[in-house]
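Accompanying notes for the structure given below.
The values are calculated or read from the model by the stated rules, or taken from the named source; none is laboratory data. Every value quoted in this text rests on a predicted model; they were computed, and no experiment measured them. Every residue, glycine among them, receives a Cβ derived from its backbone with ideal geometry; neighbour counts consider all protein chains shown. Each accessible area value is taken on the protein alone, full model and side chains, heavy atoms only, with ligands, DNA and RNA left out. Shrake-Rupley method; radii C 1.70, N 1.55, O 1.52, S 1.80 Å.
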Amino acid sequence: EDQVTQSPEALRLQEGESSSLNCSYTVSGLRGLFWYRQDPGKGPEFLFTLYSAGEEKEKERLKATLTKKESFLHITAPKPEDSATYLCAVQGAQGGSEKLVFGKGTKLTVNP
Amino acid sequence: DAGVTQSPTHLIKTRGQQVTLRCSPKSGHDTVSWYQQALGQGPQFIFQYYEEEERQRGNFPDRFSGHQFPNYSSELNVNALLLGDSALYLCASSFGRHYEQYFGPGTRLTVT
C-alpha cells in the first residue's frame with residue numbers, strides 16, 4: 001500500500017531563516033509526487049509536481065527536489081506569509097492508482 | 001478562469017440524516033475526485049469520477065456515494081450520518097485521471 005510520511009510535524013522559523021521539509025514515500029511505481037500548501041480552513045493549493053528522481057522545481061522562495069525515496073521542500077529566506085501547512089502526496093503508476101495518497105503535512109510558522 | 005467551486009461552505013446535520021455536497025470542476029477539467037480531511041490529518045481519498053462513472057474508490061463504506069453529471073460537475077452523498085463523518089470535504093478536479101489535481105475550498109460538515 002502506498003504511504004507518505006512527512007517530517008517534522010511542525011516547524012517554527014524566524015523570518016529569513018531557511019530550512020527544509022521532508023516527505024518520505026513508498027509507492028509501487030511513482031507516477032508523480034505533488035506538493036500543496038494549505039491555509040487553515042481552506043482547500044490545498046497546488047505548488048509542484050515532480051515525476052522522476054533528480055527533478056527539481058522552483059517557485060519564488062520554494063524549491064522542491066525528488067529522490068527515489070523522498071522529496072524535500074526547501075524554503076529560502078521565508079516570510080510570515082509563507083506560514084501554512086505543506087502537504088505532500090504521491091500518485092502510483094499502477095492501474096487503479098489514480099488517487100492521491102497524502103501525508104499528514106508539516107505546519108510551518110514563520111515569525112517576523 | 002474559474003477554479004473549482006464547492007457548495008455549501010458550511011453544513012450542520014444531525015446523526016442519521018443524509019447530506020449532499022456539490023462540486024463544479026475547473027474549466028476544461030473532466031475528472032472529479034472527492035477527499036475527506038479530518039482535523040490535523042491529510043486528505044483521505046473517497047472516490048473518483050470520470051466519464052460519469054466511479055473509477056476508483058477508497059476505504060469508505062457504501063454510505064458514501066456520488067454522481068457525475070454530463071457537464072462534469074459532481075455530487076457527494078452521505079447517508080445515515082455519524083459523528084465521525086464531521087470533517088472538511090474536498091473536491092479536486094483534473095484533466096484526465098492522471099494529472100495534477102486542483103482543489104476547491106471545501107465544505108465543512110459538522111454532525112451533532
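So which residues in the stretch B:31-49 are crowded, with 18+ Cβ neighbours inside 10 Å and not in a strand (DSSP E or B), if there are any at all?
The answer is B:GLY42, B:PRO43.
Mind checking which residues of the stretch B:76-112 are open to solvent by 40 Å² or more (accessible area, probe 1.4 Å), more than 9 Å from chain A (Cβ to nearest Cβ) and farther than 21 Å from A:GLN91 by Cα?
Our first condition is that a residue be open to solvent by 40 Å² or more (accessible area, probe 1.4 Å); within the stretch B:76-112, this holds for B:79-80, B:82-84, B:86, B:95, B:97-100, B:102, B:105, B:108, B:110, B:112.
Checking which are more than 9 Å from chain A (Cβ to nearest Cβ) leaves us with B:79-80, B:82-84, B:86, B:95, B:110, B:112.
Of everything in the stretch B:76-112, those that are open to solvent by 40 Å² or more (accessible area, probe 1.4 Å), more than 9 Å from chain A (Cβ to nearest Cβ) and farther than 21 Å from A:GLN91 by Cα turn out to be B:ASN79, B:ALA80, B:LEU82, B:LEU83, B:GLY84, B:SER86, B:THR110, B:THR112.
Of all residues in the stretch A:38-49, which are open to solvent by less than 40 Å² (accessible area, probe 1.4 Å) and either touching a Gly at 6+ places or on another chain (Cβ under 7 Å) or more than 17 Å from B:TYR99 (Cα to Cα) (or both)?
A:GLN38, A:GLY43, A:THR49
Among the residues of the stretch A:54-112, write down those that are of a type in the set (A, V, I, L, M, F, W, C) and within 10 Å of chain B (Cβ to nearest Cβ).
If the condition is that a residue be of a type in the set (A, V, I, L, M, F, W, C) and within 10 Å of chain B (Cβ to nearest Cβ), then A:LEU87, A:CYS88, A:ALA89, A:ALA93, A:LEU100, A:VAL101, A:PHE102 are the ones that fit.
So B:GLY28 passes all but one of these: (1) touching a residue at least 12 places away in the same chain (Cβ under 8 Å); (2) within 13 Å of chain A (Cβ to nearest Cβ); (3) touching a Phe, Trp or Tyr at 6+ places or on another chain (Cβ under 7 Å). Which condition number does it fail?
So the condition that B:GLY28 fails would be (2).
I need a count of the residues in the stretch B:73-112 that are within 16 Å of B:THR20 (Cβ to Cβ), assigned to a loop (DSSP other than H, G, I, E, B) and not polar (S, T, N, Q). Break it down stepwise before answering.
At the first step, the residues of the stretch B:73-112 found to be within 16 Å of B:THR20 (Cβ to Cβ) are B:73-81, B:85, B:87, B:89-91, B:104, B:106-111.
This time we only want the ones that are assigned to a loop (DSSP other than H, G, I, E, B), so: B:73, B:79-81, B:104, B:106.
If we keep only those that are not polar (S, T, N, Q) too, we end up with B:80-81, B:104, B:106.
Of the residues in that region, 4 qualify.
On the given criteria, is B:ASN71 polar (S, T, N, Q), away from chain A (no Cβ under 12 Å), farther than 26 Å from B:THR112 by Cβ and open to solvent by 10 Å² or more (accessible area, probe 1.4 Å)? Even if it seems obvious, please write down each step before you answer.
On the way: polar (S, T, N, Q): yes; away from chain A (no Cβ under 12 Å): yes; farther than 26 Å from B:THR112 by Cβ: yes; open to solvent by 10 Å² or more (accessible area, probe 1.4 Å): yes.
Spelling it out, B:ASN71 is indeed polar (S, T, N, Q), away from chain A (no Cβ under 12 Å), farther than 26 Å from B:THR112 by Cβ and open to solvent by 10 Å² or more (accessible area, probe 1.4 Å).
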